[in-house]
Amino acid sequence: MPSLPQGPAPVSRDRSGVTTGGESFVEDQLRASNALLRALTQAQADFIRGSEARGILDRLLTVVLELTGSTSGVIGELLTSNGAPPSLRLLASLPREEADTTWELPVRQDAPEQAPSDLRTLVGAVVSTGAPVLSGAPGAEHTFLGLPLESEGERVGLVGLAQRPGGYDTGLLDFLQPFLDACGGLLAGGRNERRRRLAEQEMRQTQEASAERVRLLAERLRLVLESMQDGLWDLDMTTGQLFANRAWLGMLGYAEGELEQSQTTWARLCHPDDVANGERLVQEHLKGAIPLVENEQRLRRKDGGWSWVLTRARVVARDEQGRPLRMVGTNVDITVQKRNEERLRSLIRTLPDLVLRQRADGTYLDYHAAKPEDLAVPPERIIGSNMRQTPFPASLIDKMFMHLGRAIREGTLEVFDYALELPNGREYFEARIRRSGPDEAVSIIRNITERKLFEQRLLQQEEELRRHRDSLEELVRNRSEKLLKATIELEEQQAQLIQTEKLASLGQMAAGVAHEINNPVSYVMSNLGTLDQYVSSLIPLLQLLRELVANPGSASAELLERLGELWKQEDVDYLLTDMPELVEESLVGARRVKEIAQSLRTFAREDTGEPQLVDVNTELASTLKLVWNELKYKCEVKRDFGPLPPVSCHPTQIGQVFSNLLINASHAIETRGEIRIRTRQEGSEVVVEIADTGKGMSQETLSKLFTPFFTTKPRGQGTGLGLSVSYGIIAKHKGRIDVQSQPGQGSTFTIRLPAAQR
């Protein structure tokens, strides 16, 4: 049997569990509604045939548990008595409990503070509130739904459902309303039946008692009749005098005394279309053909409307010749039940499918066909015919019998497709078979030709899409290869562009570096010339000293005199004082040349391809030495280097960025100004700020600043690549470069690089 899927409520009725949208929603909703309607229709038929209410309710509970996905539930009759707490007599339960089990239900005046933990507390909560109780959100460990059963405004029982995985919501109330109405009617009917049997038993006792006892029992019976809700009547068939209780009159809207109590009055209230059938049943009963008159008829109410009434009656007294003397009966208002039946029939009539009810041997018991031409045999002959008599192929009939037998035997839902060659061509059908009784099943046959054709078209479209997808994948693959090749070429061109800008920077710095080297080289060479003269002056003195050293014992006064004259002549004391200073100055100049050469070699070195851990402060100091010739004549450089963590980068590329920014800063200063270099750490970033007091830039210039080949310098004095290349280098190192500038107020470039992970 189809069940409501777990999940949110559908769009149309907010019914919890039905999948929203598409054919799946429509089919699931229709299947669930059809299953419930079939079960209710069958229950109504069983009740009319006199089946026991307990068995009917047990089957209905099984169907509802399966449709809602619940694991347990109860249906019970509410028992109340003055001065005692209410109780619930279980008529159906799953898992099953002992027959006639009664739950005592203490009534609370306020709403329960805690959610129900089992079905017994759930039922108590429904009795306390008098309204449906839903407990447990979707996904909760325990979920419950409690619903009161009412008939004609009276609460007659309760239904409790539990443990639905998706939880319960208010959308289920509409879906289950026909079920609740049917159960309420069954409980009310059961009560009425018990009351009727009690009345018949009392009437039989009055026949067997003496006249006095008959009178006493009649008085008691009158009191009982007046207190009962069902209409009870007693007809004297010799005089036509009719006695009816208040309920008989009340169900038609009359009070006592407003109607003449006679058989004629009854006949006048009966609908003209129902008179003949009622008289026929009475005659058959009087002849002994049927043991009981059971007739559904329409009686006119006081307000002019019609009420459906179920009348059950029998003769309870005859004379010695067998002529009927007295007939008693009951009237039950079944208007609501009739309306529910009509609603069910209307719903069934809207089904486009072919519905068949058949026994295990293949005999058709009932059917519904939206189009009679869908039947394999004429409609007037289908009831009572056998599936073997249909003009279907033998293989298809065997297949149908196999699924029919399994559905009845195992209680499974059997679903299978088959095709038939019809005058209009091949058509496809889907059969769904579900057991509906111990030896019978219901089959729903749906024409799925359009769906099959759609599936075939869908397969063709999928095949066409697959071919297009393969073609597109091939096209994408080819374009990806071209894109990869273009990317590699672009990276090579970018590397060449960086190297070109680097060489341009080197060329620009060449004159400055040459000037920087020329100064220390000049005074080193001058000092070396002076030292050469000093050495020439000291050579004669050193030669005399050598003679003295060679012949210390033979030193003459003449030799010493010559030595003294030469010492004074060459001013050796001055030479001894000046020579260390000349050597020290020469060493300073040589070290200066060495530092410049070392910085130039560092700047011009090639990348190894792998990033290195670099101290940004060291790179800035080295770059300043290289560009110092560009800065020293009109810039005062102020440094504010803070402690920094190492940065993983390509040092030559970072040095090129610093060089570009420092040279641009010097060019922005027209006469004399200041360049401020500040480094610091902010969080996980190393920050370098290079600010100048130059002429600044407009917003238009700032918007194009990092555009390749854009420059504000005169033609021939700039390539327009320096800042573009610098921007690309910083971006490649996952950093950022920002600039702030206003005309006449200088510019500040801020570089942010991620610190190396330790």
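General observations
- Most to least packed among 131-137, 307-313 [average Cβ atoms within 10 Å]: 307-313, 131-137
- Order by protection proxy (mean Cβ within 10 Å, highest first), peptides 426-435, 694-703: 426-435, 694-703
- Hz values of 3J(HN,Hα) by residue in the range 414-429 - Karplus curve (6.51, -1.76, 1.60), Gly and Pro given as x: 9, 10, 7, 10, 7, 10, 10, 8, 10, x, 8, x, 6, 10, 10, 9
- Anisotropy class of the range 338-456 from Cα gyration tensor, a/c 1.5 cut: rounded
- Residues whose amide H falls under 5 Å from that of His650, counting only those 5 or more places apart or on a different chain, are Gln612, with hydrogens built in the peptide plane.
- Note on surface exposure: Trp266, Trp248 rank Trp266, Trp248 by accessible area, highest first, 1.4 Å probe.
- Qualifying GluC sites (Glu not before Pro) in the range 255-361, where qualification requires a DSSP coil assignment and no more than 13 other C-beta atoms within 10 Å, comprise Glu256, Glu258, Glu260, Glu320.
- With DNA, RNA and ligands ignored, accessible area of His468 (1.4 Å probe; Å², nearest 10): 100
- By a 1.4 Å probe calculation restricted to protein chains, Thr748 has an accessible surface near 40 Å², given to the nearest 10.
- Cα shape, the range 225-363, gyration tensor, a/c 1.5 rule: oblate
- Vicinal HN-Hα couplings computed from phi for the range 677-690 (Karplus, 6.51 cos²θ - 1.76 cosθ + 1.60; Hz; Gly/Pro x): 10, 10, 10, 6, 10, 10, x, 9, 10, 9, 10, 10, 10, 10
- In this structure the amide hydrogen of Val159, modeled in the peptide plane, comes within under 5 Å of the amide hydrogens of Leu147, Leu149, none closer than 5 places in sequence on its chain.
- Heavy-atom accessible area per residue - the range 236-377, 1.4 Å, Å²: 53
- For the range 34-47, 3J(HN,Hα) computed residue by residue from phi via the Karplus equation (6.51, -1.76, 1.60; θ = phi - 60°) reads 4, 4, 5, 5, 4, 5, 5, 4, 5, 5, 4, 5, 5, 5 Hz, glycine and proline entered as x.
- Simple spin-label estimate for Ile448 and Glu700 in nanometres, 7 Å along Cα-Cβ: 7.3
- Given R0 = 22 Å, the distance between the Cβ atoms of Glu320 and Leu216 translates into a calculated FRET efficiency of 0.30.
- For the set Lys482, Lys734, the ranking by accessible area, highest first and with no ligand, DNA or RNA atoms included, is Lys734, Lys482 under a 1.4 Å probe.
- For Asp46, the accessible surface of its heavy atoms amounts to roughly 10 Å² (probe 1.4 Å, protein chains only, rounded to the nearest 10).
- The label point for Asp571 and the one for Thr71, both projected 7 Å from the Cα toward the Cβ, are 11.8 nm apart.
- For Glu685, the residues 5 or more places off, or on other chains, whose built amide H falls under 5 Å of its own are Ala755.
- Whether the range 281-391 is rounded, prolate or oblate, judged on the alpha carbon gyration tensor where a/c under 1.5 counts as rounded: oblate
The values are calculated or read from the model by the stated rules, or taken from the named source; none is laboratory data. A quick note: this is a predicted structure, and the numbers were derived from the prediction, not measured. Backbone-built Cβ (ideal geometry, glycine too); neighbour counts: all protein chains shown. Just so you know, the surface numbers come from the protein's heavy atoms only, side chains and all, with ligands and any DNA or RNA stripped out. Shrake-Rupley method; radii C 1.70, N 1.55, O 1.52, S 1.80 Å.
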